[in-house]
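Where a number appears in this text, it was derived from the coordinates with a stated rule and is not lab data. Keep in mind that this is a model prediction, so the values were computed, not measured. Because the Cβ atoms are built from the backbone with ideal geometry, glycine has one as well, and the counts that use them run over all protein chains shown.
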Ligand SMILES: [Zn+2]
Ligand SMILES: [Zn+2]
């Protein structure tokens, strides 16, 4: 299986997951042009996509969706509530009905040889989900836009080979930064975004011997920076109540406007 962040950050998210026979995206929150360029860079094509999994309707997750889905005829998967919201966003254009596939949290479905499990996340959107994707060889997950985590989330992230996990903000940078009060409260709330510290704490519950790669993503442009997210998460792991050290794992930070390396599992 291959796992690549084409873009990740509060300005746009698009993650590629592919097996030998199946290619999907989780979110399409950058322009169609950038998505196609990214796919070309890893030797794939937009016309080969078998599906786009949408986490929720915020523009940083759907910006390129209309053009991509119509141009390539790619099926779109999302909860009914998410699909309803997307079809109301004028700038995305019309969606042919046959491309829209409603899914439900915790109801597994298949796209090609990939088995997909959507699971609920707490975020200020209609009915947002994260996705766990697996086949006979590997399991990966994309988990961003989570105000907090609980046992349910932890359970869905066990036994992964690779994970893209939100490390959205540094709490102190956010609190002392330029955002208006209401926005700070929104981000810090249970329906907002996962902080660097909480990303590290969540990881402490799901680390295991065969976890090959953790990619930190969905970083805020204003309230975080790569080195801070990386070091904060590592510190949490080093202090965690388990036999591991951060140096036991490959941890990287996804960039908002550059592809990650290709993670092959
Ligand atoms: Zn969002
Ligand atoms: Zn987002």
Difference of contour (0.36 nm per residue) and Cα-Cα distance, residue 42 to residue 98: 17.3 nm
Please give the calculated 222 nm ellipticity per residue for the chain, where each DSSP H segment of at least 4 residues contributes -39500 (n - 2.57) and the sum is spread over every residue; nearest 500 deg cm²/dmol? -7500 deg cm²/dmol
Pick from 155, 190, 145: which residue has the top mean-square fluctuation in a GNM of the chain where Cα pairs under 10 Å get a spring? 155
I'd like the distance between the alpha-carbon centres of region 230-251 and region 75-115, rounded to an integer number of Å. 36
Please state the relative contact order of the chain as a whole percent: Cα pairs under 8 Å, 6+ residues apart? 19
Take residue 158, project a point 7 Å from its Cα along the Cβ direction, then tell me which residues of region 237-259 have their backbone nitrogen under 19 Å from it. 241-244
Separation in nanometres of the label points that stand 7 Å from Cα toward Cβ, at residue 261 and residue 110: 3.3
A chain fully extended from residue 59 to residue 91 at 0.36 nm per residue, minus the present Cα-Cα distance, gains in nm 10.5 nm
If you take every DSSP beta bridge whose two residues both sit in the chain, what share of them, in percent to the nearest 5, is antiparallel? 50
Residue of 65, 228, 49 that the Gaussian network model of the chain assigns the largest fluctuation, springs spanning Cα pairs under 10 Å: 228
Output the 0 to 90 degree angle, nearest 10, between the alpha-carbon long axis of helix 32-41 and the longest principal axis computed from the alpha carbons of the chain. 70
Rounded to the nearest 5, what % of DSSP beta bridges with both residues in region 1-113 are antiparallel? 50
The chain: most fluctuating residue of 52, 89, 76 per GNM, C-alpha cutoff 10 Å: 89
1/(1 + (r/R0)^6) with r = Cβ-Cβ of residue 150 and residue 244, R0 = 25 Å, i.e. FRET efficiency to nearest 0.05, evaluates to 0.70
In degrees between 0 and 90, to the nearest 10, how far off the longest principal axis of the chain does helix 196-206 point, with axes built from Cα atoms? 80
